[in-house]
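Peer 1: This is the structure I want to talk about, given as structure tokens.
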Amino acid sequence: MELRVPSSDNSSDKLSDSERLGSLIVGGALVLTGLSQRSLLRNLLTVSGGSLVYHGVMGDKSLQNKLMEATTGLTASSLRVEKTVTIQNKSPEELYTFWRNFENLPTFMKNLQSVRIVNETRSHWAAKSPMGNSIEWDAEMLIDRPNELITWASVPGADVANSGSVRFTPAYPGRGTEVKLILEYSPPGGAITDAIAKVFNESPKQQIGEDLRHFKMLMETGEIATIEGQSSGRR
Amino acid sequence: MRAVCWQGTNKVQVETVPDPKIINPRDAIVKITSTAICGSDLHLYNGLNPTMKKGDIVGHEFMGEVVELGRKVKNVKIGDRVVVPFTIACGSCFFCNRQLTSQCDNSNPSPWGVEQLMGYSPSGLFGYSHLTGGYAGGQAEYARVPFADVGLFKIPDGLTDEQVLFLTDIFPTGYMAAENCDIQPGDTVAIWGCGPVGQFAIRSALMLGADRVIAIDRVPERLQMAKLSGAITLNYEEIEVGEALKEMTGGRGPDAVMDAVGMEAHGMGLEGFYDKTMQALKLETDRPNVLRQAIVACRKGGTVSVPGVYTGLVDKIPMGAFMNKGLTMKTGQTNIHKYLPKLLEHIQNGDIDPSFVITHTMSIEQAPHGYEIFKHKQESCIKIVLKPGMN
């Protein structure tokens, strides 16, 4: 699911009940985490969490956008991507453990160059843009529910404020583990969605989908399928 | 190395390209001793797949000797003689666990495009367009084989290349198509298309206990080969096939029908003209004449098996006949890994010698000529084996 604001044509894209529930849970957690910390924060965080909650309650994306605009004064675009894969023969515990070490994320997230753990909850992220330069930010882990859920968000001052959550849910016995990734990007005032899209490659939705698929490949097969570097008769 | 490269519609060239190298830990490099041109390669040759790129190395039926191994491949050794399934499979996903290796979740590196078309991506394939991964193919001196610990099958001594090469595709493809017919004692199976897959389907259907196989084509030498395989043959240019099938089955119709032709069926008369026009105007991508005929010819409650390749959209499928007669359709790219060991045993036991289908053997340098005569069914061409080592 991809959200682009402002846009008038996605009002038909109502959320399913489970997605709404997911938004409520993740969003609620973000708000609680945000409010419980006194740092200015997290204003951004609270806003982002709030919008997720609102999103969940109303089941209407355009309202989220309106709320976002109302609370931040941003007329800019926000972008939310939600993707799920099922991974065979790996328990939620195994998958959680790999993901929980954020330093592993660049092994399957194409545009991430590195993640460095700063302390128990803080990490420093670096991503590359198509122009070849690097954008960096600090992220704070907000929820860490072992074998189940991890959420994080950039701290104020990031060029591209962003937050994410990943949830590991066992499917029917023998049917693997479902992994749901939600990423949200909120650009600073004035930026437009296309600009974020450029920073995070052509289509963020596609890129994030591929990243998650690469996670599945890595977990299921131990490597990521590729044809980069193979022979051809291209001139 | 030398490799057959697709350079556009009706154009393949043998070119000198870089040797393949190990990219992933589960890769292997195979030095190819024999490789074949498949009927489905002609769909690429004819320019029907828009995701081919100039310079792509084609070919998906190949075998040879292991010359290099990634660090995670432990079950084969350098020097082993192997055949390579054309479907690439990881061996550990949901689908591989169920032996549906042609539906492997993890072997297509760029599934985004095909997902737009098909909802979900089937497995990666060697040398078969960027819809199915863009992997370099095996009409070359060497090939890189991903997931080699799952995708290399050792060949015991005493069997020639010609006997085992077709385990990579057309023998298992014909066999799975026959198995998909759900053959019961007394059954009559009608098979449209006496190309290489059709030939293996005929023999497989008989191996699986079909009482009769009726094979349909128009090319005399293909009908002759079908007859030698044990089929009763019909030339669709000489006889009205639907009527003939009805008469030959006591007015009931064949218990199972098989489309071993796929998206480039010839078609006759107005219907053929209609499909060629629609395809030229891009209003349909595939020409399903055979599929239409087969559905109408099938007996009530029967089975339609489709090993013939389709990639996109077809027009005017007689869905009313399909639904009201309560038919079942079974299809798919072949789950080679599932069938290969069993069929290798059949070859070892002498139940079948797949080399019967070969009409031409030539150097890989002659591949462009090979594509031409195969496409136009000249020189009685049915199956071409290319030898990289041959002068």
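Peer 1: Out of segment B:301-331, which residues are over 21 Å from B:Gly272 (Cα atoms), touching a Leu at 6+ places or on another chain (Cβ under 8 Å) and surrounded by fewer than 18 Cβ atoms within 10 Å (Cβ to Cβ)?
Peer 2: B:Gly301
Peer 1: When you go through B:Gly8, B:Gly59 one by one, which is the residue that is surrounded by fewer than 24 Cβ atoms within 10 Å (Cβ to Cβ), of a type outside the set (Asp, Glu), farther than 25 Å from A:Gly222 by Cα and within 14 Å of chain A (Cβ to nearest Cβ)?
Peer 2: Result of the check over B:Gly8, B:Gly59: B:Gly8.
Peer 1: Is there a residue being in a loop (DSSP other than H, G, I, E, B) and touching a strand residue (DSSP E or B) at 6+ places or on another chain (Cβ under 9 Å) anywhere in segment B:282-292?
Peer 2: Within segment B:282-292 (the criterion being in a loop (DSSP other than H, G, I, E, B) and touching a strand residue (DSSP E or B) at 6+ places or on another chain (Cβ under 9 Å)), the answer is yes, since at least one residue qualifies.
Peer 1: State the number of residues belonging to segment B:347-391 that are within 16 Å of B:Val14 (Cα to Cα), at pLDDT 95 or above, over 20 Å from the mean Cα position of the chain (by Cα) and not in a helix (DSSP H, G or I).
Peer 2: 3
Peer 1: Enumerate the pairs (first residue in segment B:219-232 and under 15 Å from B:Leu206 (Cα atoms); second residue anywhere and open to solvent by 40 Å² or more (accessible area, probe 1.4 Å) and aliphatic (A, V, I, L, M)) with beta-carbon separation below 7 Å, excluding pairs fewer than 6 apart on the same chain, so at least 6 apart or on different chains.
Peer 2: Pairs that qualify, where the first residue is under 15 Å from B:Leu206 (Cα atoms) and the partner is open to solvent by 40 Å² or more (accessible area, probe 1.4 Å) and aliphatic (A, V, I, L, M), are B:Gly230/B:Leu206.
Peer 1: In addition: Looking at this structure, is B:Thr16 farther than 13 Å from B:Gly138 by Cα, of a type in the set (Val, Ile, Thr), free of Cβ contacts under 8 Å to residues at least 60 places away in the same chain and within 13 Å of chain A (Cβ to nearest Cβ)?
Peer 2: When the stated conditions are applied, B:Thr16 passes them.
Peer 1: Could you count how many residues in segment B:338-348 are out of contact with any Phe, Trp or Tyr (no Cβ under 8 Å at 6 or more places or on another chain) and open to solvent by 20 Å² or more (accessible area, probe 1.4 Å)?
Peer 2: Residues meeting the conditions: 5.
Peer 1: Here's a follow-up. For A:Glu103, indicate whether it is within 14 Å of chain B (Cβ to nearest Cβ) and either closer than 25 Å to A:Tyr172 by Cα or at pLDDT 95 or above (or both).
Peer 2: No, not satisfied.
Peer 1: Go through segment B:1-71 and tell me which strands (runs of 3 or more DSSP E), entirely inside it, have 2 or more residues that are touching a Gly at 6+ places or on another chain (Cβ under 9 Å) and either modelled with pLDDT under 95 or hydroxyl-bearing (Ser, Thr, Tyr) (or both).
Peer 2: B:28-37
Peer 1: Going through segment B:204-245 one residue at a time, which ones are open to solvent by less than 20 Å² (accessible area, probe 1.4 Å), outside any loop (DSSP other than H, G, I, E, B) and of a type in the set (Val, Ile, Thr)?
Peer 2: B:Val213, B:Ile214, B:Ile216, B:Val241
Peer 1: Could you list, in sequence order, the residues of segment B:108-120 that are modelled with pLDDT of 95 or more, facing chain A (nearest Cβ under 10 Å) and open to solvent by 20 Å² or more (accessible area, probe 1.4 Å)?
Peer 2: The one that is modelled with pLDDT of 95 or more, facing chain A (nearest Cβ under 10 Å) and open to solvent by 20 Å² or more (accessible area, probe 1.4 Å): B:Pro109.
Peer 1: Here is a further query. Exactly one condition in (1) within 14 Å of chain A (Cβ to nearest Cβ); (2) buried (at least 21 other Cβ atoms within 10 Å of the Cβ) is not met by B:Arg98; state its number.
Peer 2: The one condition B:Arg98 does not meet is (2).
Peer 1: On the basis of being within 14 Å of chain B (Cβ to nearest Cβ), under 22 Å from A:Glu210 (Cβ atoms) and either among the acidic types (Asp, Glu) or more than 14 Å from the chain's Cα centre (by Cα) (or both), does A:Gln113 make the cut?
Peer 2: No, not satisfied.
Peer 1: In segment A:90-136, which residue that is of a type in the set (A, V, I, L, M, F, W, C) and in a strand (DSSP E or B) is most open to solvent (accessible area, probe 1.4 Å)?
Peer 2: So the residue we want is A:Ile117.
Peer 1: Next question. For residues that are open to solvent by 20 Å² or more (accessible area, probe 1.4 Å) and more than 7 Å from every other protein chain (Cβ to nearest Cβ), scanning just segment B:22-35, find the one that is farthest from B:Gly79 (Cα to Cα).
Peer 2: Among them, the one singled out is B:Ile22.
Peer 1: Follow-up question, since we're still on this one. Condition first: in contact (Cβ under 8 Å) with a residue 60 or more places away in the chain and either closer than 20 Å to B:Asn49 by Cβ or open to solvent by 50 Å² or more (accessible area, probe 1.4 Å) (or both). Now tell me which residues in segment B:248-264 satisfy that.
Peer 2: Selection gives B:Met248, B:Asp259, B:Ala260, B:Val261, B:Gly262, B:Met263, B:Glu264.
Peer 1: Could you list, in sequence order, all residues of segment B:74-92 that are within 14 Å of chain A (Cβ to nearest Cβ) and either closer than 14 Å to B:Ala140 by Cα or open to solvent by 10 Å² or more (accessible area, probe 1.4 Å) (or both)?
Peer 2: B:Lys74, B:Gly91, B:Ser92
Peer 1: Filter segment B:237-292 down to the residues that are of a type in the set (D, E, K, R), closer than 19 Å to B:Leu44 by Cα and in contact with a Lys or Arg (Cβ under 8 Å, 6 or more places away or on another chain) and list them by number.
Peer 2: B:Glu264, B:Asp275, B:Lys276, B:Arg287
Peer 1: If you don't mind, there's one more thing I want to ask. Answer yes or no as to whether B:Asp105 is out of contact with any strand residue (DSSP E or B) (no Cβ under 7 Å at 6 or more places or on another chain), over 30 Å from B:Asp353 (Cβ atoms), open to solvent by 40 Å² or more (accessible area, probe 1.4 Å) and within 13 Å of another protein chain (Cβ to nearest Cβ).
Peer 2: So B:Asp105 fits the description; yes.
The values are calculated or read from the model by the stated rules, or taken from the named source; none is laboratory data. In this text, all values refer to a predicted model and were calculated from it rather than measured experimentally. Note that we place each Cβ from the backbone using ideal geometry, even for glycine, and neighbour counts take in every protein chain shown. The protein model used for the area step is the full one, side chains on, heavy atoms only, and it has no ligands, DNA or RNA in it. Shrake-Rupley method; radii C 1.70, N 1.55, O 1.52, S 1.80 Å.
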